[in-house]
Amino acid sequence: MILVYPMQAIMVEVDDWRGFFNYKSFASVMFAVACILFLFRFANFKNEGWFTRVYSMTFLLLSIYFLLNTNNATAMIALMVSVFLFVLGLLFIKFGRLIKPGQWFLIGVFAILLLLGFWLAKDTLFGIFGRNASLTGRIPMWLTLVPFIKQRLVFGYGFGEVFWYSEYLVEFLKVAPWGAKLAHSGYVEAILDTGLVGLLFWIAFLVEVTYLSVRYFILERTLYSMFFIICTVFVLLINVTENFLGTYEIFNVLLLVVSFAFLTRGFLSEKQLSK
């Protein structure tokens, strides 16, 4: 049904729901995650039978097709960055041991210049996806939220509670006339819900998961040891313009918690063996 009628998985009213997802943001994230999973499966083709190779490629292409039909720029950009890191990871596995310390410095400088170039060309890059540098009106929305964040800066309003305030909704809907009921950013939503205290806990958790995933990959240097880095980076990026860190959305949080649990177990086992 989705293959023949792709619009059924895109932004339809809840009362008129007929597809797998009632909003394109949910559909796009799940399809992007599917792309990542089947990319890993396909990349291991040398160790798989022909059936698994065909199966992995088929569903990878289907996932990409469905993702493109959601027309969600955030998910597509997050997937592109994830694939770029995936390729870099494969190169590191193959050639990482040959790189000397001085060469790592040059690679770091090149990476910074590359990020700077992307930032300077952001208008052009967003234009490719039919978006603009205001992130489709999200930046004006976030600026409107600043006075409300200041009112309860330390502990926030509670999960989802800020959207019950009519004073908030009146101002917010001036810049979000489509009737947005979320901040459309996991990080902005976090500070609204739980204030600076909650946001600091989130940042500490995200930093720790990132550190553990990078450390695990550097030690293991295998295809599947990259999975945690890719998942973490994907979640970090997707939450810039979509709200997937709190409220009622738990799938991305589940990815982080599973990654944290697995990596922490490995880290503790390692310390125990070294005693």
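Where a number appears in this text, it was derived from the coordinates with a stated rule and is not lab data. From a predicted model like this one, the values you see are computed outputs, not experimental measurements. Cβ placement follows ideal geometry from the backbone for every residue including glycine, while neighbour counts extend to all protein chains displayed.
Provide the FRET efficiency to the nearest 0.05 for the residue 99-residue 4 pair, computing r from the beta carbons and using R0 = 35 Å.
After rounding to 0.05, the efficiency reads 0.10.
Take 265, 41 and order them by how many other Cβ atoms sit within 10 Å, fewest up front.
Lowest to highest Cβ neighbour count: 265, 41.
Sort 75-81, 65-71 for me by packing, meaning the mean count of neighbouring Cβ atoms within 10 Å per residue, highest on top.
75-81, 65-71
For each of 218, 238, count neighbouring Cβ atoms within 10 Å of the residue's Cβ, then give the residues from fewest to most. Each step should come with its number before you reach the end.
Numbers: 218 12, 238 26.
Going from sparsest to densest Cβ surroundings: 218, 238.
When Lys and Arg each count +1 and Asp and Glu each count -1, what net charge do the other residues less than 13 Å away from residue 96, Cβ to Cβ, add up to?
Value of the local net charge: +3.
Going by how many other beta carbons lie within 10 Å of each one, how would you line up 194, 124, 264, fewest first?
Numbers: 194 21, 124 10, 264 13.
Sorted ascending by nearby Cβ count, the order is 124, 264, 194.
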